[in-house]
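Visitor: Let me give you the structure first, and then I'll get to my questions.
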Amino acid sequence: MGSRTVLRRSALITALLVGLVLVEGVHMALRHLDKRHDFSQDQLFTVSDGTRAILAKLEDRLQIKAFVTQEVRSGEMSLLKARVEAQIKDFQRLAGGRMGLVVQDPSILSAAAEEAHSFGIEPLPVVTTRGGEQNRQLVYLGAVLRYRSRTEVIPLINPWSFEADFAGAVQRLLRDQRLRVGWLGEPVDQDSLPWQFGTFRLLRARLEARMEVVDLSVPALEAGARLPDNLDVLLVLRPSDWHPRAVFALDQFIAGGGHALICMDLVRSSPFGDAAHVAQGKALEPSGLEALLQSWGTPLVPGHVWDSQWPGDRGWVVMDRDANGQATERGRLEPIRDPACPALHAEGFERTFPPTARLDSVQFFWTHAFGQGTVPNGLHRFDVLRSSPGSYVVDPVLKSVGDLEMIEGQTRSLLASGSGQAMVLATVLSGSFPSAFTKGAPTPFDATLGDRHAKVGITDEPVRAHGEPSQVVLVGDCDWLRDPPPRDLGPVMPSASAANLTLLDNLVDWLSQEEDLIAVRSKEPRERPLHNFLEAERNSEGLLATDLPRTQEEMRDRLARQDQAEARARRARWSVMAWPLLGCLALVFLIAGLWNWKERTRP
Amino acid sequence: MSRAWTVFRREWAAYFASPLAFVLIGVFVLVQAALFFYIGYPIGPVPLPGLWDGGQANLLTLFTWLPLSLALIIPALTMGAWAEERRAGTEELLLTYPLRPWEWVLGKFLASWAVVMLLVVMVTVPLAITVANLGDLDWSTVWVGLVGAAGLVAAYTALALCGSALTHEQLVAFLLSTLLLGSLWLLRMLVAYAPASLAGFLEQASPQAHFLDTAARGVLVAADAIYFLLWMGAGLVWNTLLLERRRLQ
């Protein structure tokens, strides 16, 4: 046998072996497809411990009916569908046989389409372009979850937030009844127009999607009613001029182990200001809770926080002027960075507190701070949100609305005083709350009879002096939860942004002891902002964003300093980019050169 | 194996004997840095901004460029590996040495892989240091991204060496390899235009799905390792068979 034949045979055998290896490789790949390890810092690509914990609580079978279009024409949509299916398989595996899955295609079964419709699951129009021709297909991607006799619906599965939606739905199914949140404070104005964005429709809808919201009335509390004991969380929004009897009801609710989120605000904010309001001396409206907060060791500072380092975005009204320089009635909104609207940076969040552990941005609007009082024995205070170290307390800033010069002057004089410090914008109290009404329950207030500020008597009703362990979160602002303005208006005022609502969800879940959901929700990639060279240089030059030159000389000086700051920022950027690159290049060339030289000179 | 190591040393020295490797390293590092800092990744349905525009401390833009830039740089580095031997007439001499073809193939592959990995590390580490100086960089994604890049480079290099073994013209070898690797890179771009029945296959066959969706984000997946090993194995075996055939001829 010639050497050619031998080689041909060995080539043939090799090819066969390679074929076998490839086939086996594919099999191995399929077998080991689930073998993965997530090394990322926050385990963003792995089913979170929160979801695992929730699935581990299943005692009976969780039945999922997925309404999914099987024949999806769009390639991208089919990949998203595959991703969702893979996630459901993961959940099934983690549920350990306690999760069943039925898939129905409403696109081909009219009965399934009707059933999907009855659950509020509607198809999503997906447009694909092929050969210059556009095709529109209605795609179903929803699910109904059933557990015991309860049902939860995910009308449209978003592959990117599916885990959080799924875990939330299962968590709700696991409870015998939906979470009950008491709503105490400003009523939601359902009839307000879109541009009247001062109400809480978005917040209300957000809560109602997940829990039962129980409307509570301050006048009823003032008249002697008590807060229901079966609330999971009580949400108090901007208490204003509460009668002591209403405060007593709150005090007794908390002493009885009730959990509360209280958003304080002494000013009824308006993005456009209310000069008449200020002129009447009504800038500050006492809440009525002052004594209660004092008794907890968390007095509310009446002034507003002025954060010179972390100013937030808002709009201010600039009135158009006519040819004579007179202000007309027409105005426009211009963006401004306002120290009275602190936009917290990562350093402002307490990282050991689950609701704020992974947050990086929350913005307030004319917020108050909490001072340091004497915290009673048995109660623990834990400050969770802080402004920057360059913060000051100023007089109520309602009158500053739209007045850029006042902002500039205020910032200058505050900086000159050098007394800035970080302020506590939200704090958590936990433990056994002593009652502030040890002398007895105040007499109820009859609105038809007399002056609400008249001296209050004492009744012989029983008072819980020390109660069950409880938790209360105090926030120094209420506007952070108000409806956002229409997008086309621009940054009018800080409001219920996505980040703000995430903080709210986290706080409510923490207070209702649903911490598993916080862990799932925090799987959003965290913000990792870069160092801002220009801002650092501008700060070092004393060029505040709100500075406005008054004279031509000041203008020239400012421009010159601005140029210097920009040049320094450019140089700093270049140096931070260039040095590591050049250093590594030089090192490699040196090593390669030495190695080459060694090889050449080797005998 | 020691003979493959000898080939490795010879090839490695050959790379750095000419200024080509130095020029390529310099150009690659500077171009990648410019793309990373200023241009971003403007290709495809989800463009990524440059570092300064995006303002986020991560290396995703750099890793997203790797499958495409390596599809150009690896053919440039490996085009001469076999083609130049054939053109210069040294291939016949090599085949008379007491080395098996697979040892030649393995040695050349390892040398090319090491040079390209040096390039990748040269780009990644300084940029990671820069970004870490500017913000809170997740270093685990950098290290896992480099591990994933090692697999990607191995698969690409093995296939590009086959392109070089197919011809005696370096330019033709470069074009062949670029076409092959570019086609692999294009697979994912075709997903948007493909019917649903083909989309899954295209996605699974594309190197991006096995690098950008997993290792570049800090996740190591066994299936990705098998995917890259299969391409690498297929490339090395094909290369060995090509060499065997020539020895036969």
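The values are calculated or read from the model by the stated rules, or taken from the named source; none is laboratory data. The shown structure was predicted, so the numbers you read here are calculated from the model rather than taken from an experiment. Ideal geometry is used to build each Cβ from the backbone, glycine not excepted, and the neighbour counts take in all protein chains shown.
Visitor: Being under 14 Å from A:Cys263 (Cα atoms) and outside any loop (DSSP other than H, G, I, E, B) is the filter here; which residues of region A:364-379 pass it? Give the derivation first.
Guide: First, the residues of region A:364-379 that are under 14 Å from A:Cys263 (Cα atoms): A:364-370.
Answer for region A:364-379, where residues must be under 14 Å from A:Cys263 (Cα atoms) and outside any loop (DSSP other than H, G, I, E, B): just A:Phe370.
Visitor: Also: For A:Phe45, which of the numbered conditions (1) surrounded by fewer than 18 Cβ atoms within 10 Å (Cβ to Cβ); (2) more than 7 Å from chain B (Cβ to nearest Cβ); (3) not acidic (Asp, Glu) fails to hold?
Guide: Failing condition for A:Phe45: (2).
To keep it simple, each residue is scored yes or no on (1) more than 10 Å from every other protein chain (Cβ to nearest Cβ); (2) of a type in the set (Gly, Ala, Ser); (3) under 14 Å from B:Leu146 (Cβ atoms).
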residue: B:Arg217; (1), (2), (3): no, no, yes
residue: B:Val221; (1), (2), (3): no, no, no
residue: B:Tyr227; (1), (2), (3): no, no, no
residue: B:Leu230; (1), (2), (3): no, no, no
residue: B:Gly233; (1), (2), (3): no, yes, no
residue: B:Thr240; (1), (2), (3): no, no, no
residue: B:Arg246; (1), (2), (3): yes, no, no
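Visitor: Give A:Val103, A:Val84, A:Val68, A:Val144 a once-over and let me know the one that is under 24 Å from B:Ala199 (Cβ atoms), surrounded by 13 or more Cβ atoms within 10 Å (Cβ to Cβ), away from chain B (no Cβ under 14 Å) and of a type in the set (Val, Ile, Thr). Reasoning before the result, please.
Guide: On the way: A:Val84 fails: away from chain B (no Cβ under 14 Å); A:Val68 fails: away from chain B (no Cβ under 14 Å); A:Val144 fails: under 24 Å from B:Ala199 (Cβ atoms).
Step by step, each of A:Val103, A:Val84, A:Val68, A:Val144 is checked, and only A:Val103 is under 24 Å from B:Ala199 (Cβ atoms), surrounded by 13 or more Cβ atoms within 10 Å (Cβ to Cβ), away from chain B (no Cβ under 14 Å) and of a type in the set (Val, Ile, Thr).
Visitor: Something else about it: Looking at (1) over 31 Å from the mean Cα position of the chain (by Cα); (2) of a type outside the set (A, V, I, L, M); (3) farther than 27 Å from A:Arg150 by Cβ, find the lone condition where A:Gly97 falls short.
Guide: The single condition A:Gly97 does not satisfy is (3).
Visitor: Report yes if B:Ala209 is more than 7 Å from chain A (Cβ to nearest Cβ), part of a helix (DSSP H, G or I), surrounded by fewer than 22 Cβ atoms within 10 Å (Cβ to Cβ) and in contact with a Lys or Arg (Cβ under 8 Å, 6 or more places away or on another chain), otherwise no. Steps first, please.
Guide: Details: more than 7 Å from chain A (Cβ to nearest Cβ): yes; part of a helix (DSSP H, G or I): yes; surrounded by fewer than 22 Cβ atoms within 10 Å (Cβ to Cβ): yes; in contact with a Lys or Arg (Cβ under 8 Å, 6 or more places away or on another chain): yes.
Taking the combined requirement at face value, the residue satisfies it.
Visitor: For the structure I just gave you, tell me whether B:Gly148 is at pLDDT below 95 and in contact with a strand residue (DSSP E or B) (Cβ under 8 Å, 6 or more places away or on another chain). Steps first, answer last, please.
Guide: Working: at pLDDT below 95: no; in contact with a strand residue (DSSP E or B) (Cβ under 8 Å, 6 or more places away or on another chain): yes.
It is false that B:Gly148 is at pLDDT below 95 and in contact with a strand residue (DSSP E or B) (Cβ under 8 Å, 6 or more places away or on another chain).
Visitor: State all residues of region A:49-65 that are surrounded by 21 or more Cβ atoms within 10 Å (Cβ to Cβ) and over 28 Å from A:Ser110 (Cβ atoms); if no residue qualifies, say none.
Guide: A:Gly50, A:Thr51, A:Ile54, A:Leu55
Visitor: Still on this structure: Out of everything in region B:33-48 that is in a loop (DSSP other than H, G, I, E, B) and either touching a strand residue (DSSP E or B) at 6+ places or on another chain (Cβ under 9 Å) or among the hydrophobic types (A, V, I, L, M, F, W, C) (or both), what residue ends up being farthest from the other protein chains (Cβ to nearest Cβ)?
Guide: Once the filter is applied, the top-ranked residue is B:Pro42.
Visitor: Please verify whether region B:52-62 includes one or more residues that are within 11 Å of the chain's Cα centre (by Cα) and either surrounded by 24 or more Cβ atoms within 10 Å (Cβ to Cβ) or not charged (D, E, K, R) (or both). Reasoning before the result, please.
Guide: Filtering region B:52-62 down to residues within 11 Å of the chain's Cα centre (by Cα) leaves none.
Within region B:52-62 (the criterion being within 11 Å of the chain's Cα centre (by Cα) and either surrounded by 24 or more Cβ atoms within 10 Å (Cβ to Cβ) or not charged (D, E, K, R) (or both)), the answer is no, since none of the residues qualifies.
Visitor: So which of B:Leu70, B:Leu59, B:Leu51, B:Leu30 ends up being on the phi < 0 side of the Ramachandran plot and more than 12 Å from chain A (Cβ to nearest Cβ)?
Guide: Numbers: B:Leu59 fails: more than 12 Å from chain A (Cβ to nearest Cβ); B:Leu51 fails: more than 12 Å from chain A (Cβ to nearest Cβ); B:Leu30 fails: more than 12 Å from chain A (Cβ to nearest Cβ).
Result of the check over B:Leu70, B:Leu59, B:Leu51, B:Leu30: B:Leu70.
Visitor: A further question on this structure: For region B:144-175, what are the residues that are within 11 Å of chain A (Cβ to nearest Cβ) and more than 17 Å from the chain's Cα centre (by Cα)?
Guide: none
Yes or no, residue by residue, for (1) touching a residue at least 12 places away in the same chain (Cβ under 8 Å); (2) touching an Asp or Glu at 6+ places or on another chain (Cβ under 8 Å); (3) surrounded by fewer than 24 Cβ atoms within 10 Å (Cβ to Cβ); (4) small (Gly, Ala, Ser):
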site: B:Leu68; (1), (2), (3), (4): yes, no, yes, no
site: B:Glu92; (1), (2), (3), (4): no, no, yes, no
site: B:Trp113; (1), (2), (3), (4): yes, no, yes, no
site: B:Val147; (1), (2), (3), (4): yes, no, yes, no
site: B:Leu152; (1), (2), (3), (4): yes, no, no, no
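Visitor: From the list A:Val588, A:Val520, A:Val576, which residue is within 10 Å of chain B (Cβ to nearest Cβ), assigned to a helix (DSSP H, G or I) and at pLDDT below 85?
Guide: When all the criteria are applied, what remains is A:Val588.
Visitor: Which count do you get for residues in region B:13-27 that are within 8 Å of chain A (Cβ to nearest Cβ), farther than 30 Å from B:Gly55 by Cα and either in contact (Cβ under 8 Å) with a residue 24 or more places away in the chain or more than 21 Å from the chain's Cα centre (by Cα) (or both)?
Guide: 2
Visitor: Further question on the same structure: Conditions: (1) in a helix (DSSP H, G or I); (2) in contact with a helix residue (DSSP H, G or I) (Cβ under 9 Å, 6 or more places away or on another chain); (3) within 14 Å of chain B (Cβ to nearest Cβ). A:Ile54 meets all but one. Number of the miss?
Guide: A:Ile54 satisfies every listed condition except (3).
Visitor: Further, regarding this structure: Need pairs with beta-carbon distance below 6 Å; first residue within 16 Å of A:Leu292 (Cα to Cα) and within region A:363-379, second charged (D, E, K, R); sequence gap 6+ or separate chains.
Guide: A:Val375/A:Arg381
Visitor: Can A:Thr129 be described as modelled with pLDDT under 85 and of a type in the set (Val, Ile, Thr)? Break it down into steps so the answer makes sense when it comes.
Guide: Numbers: modelled with pLDDT under 85: yes; of a type in the set (Val, Ile, Thr): yes.
Yes: the conditions hold for A:Thr129.
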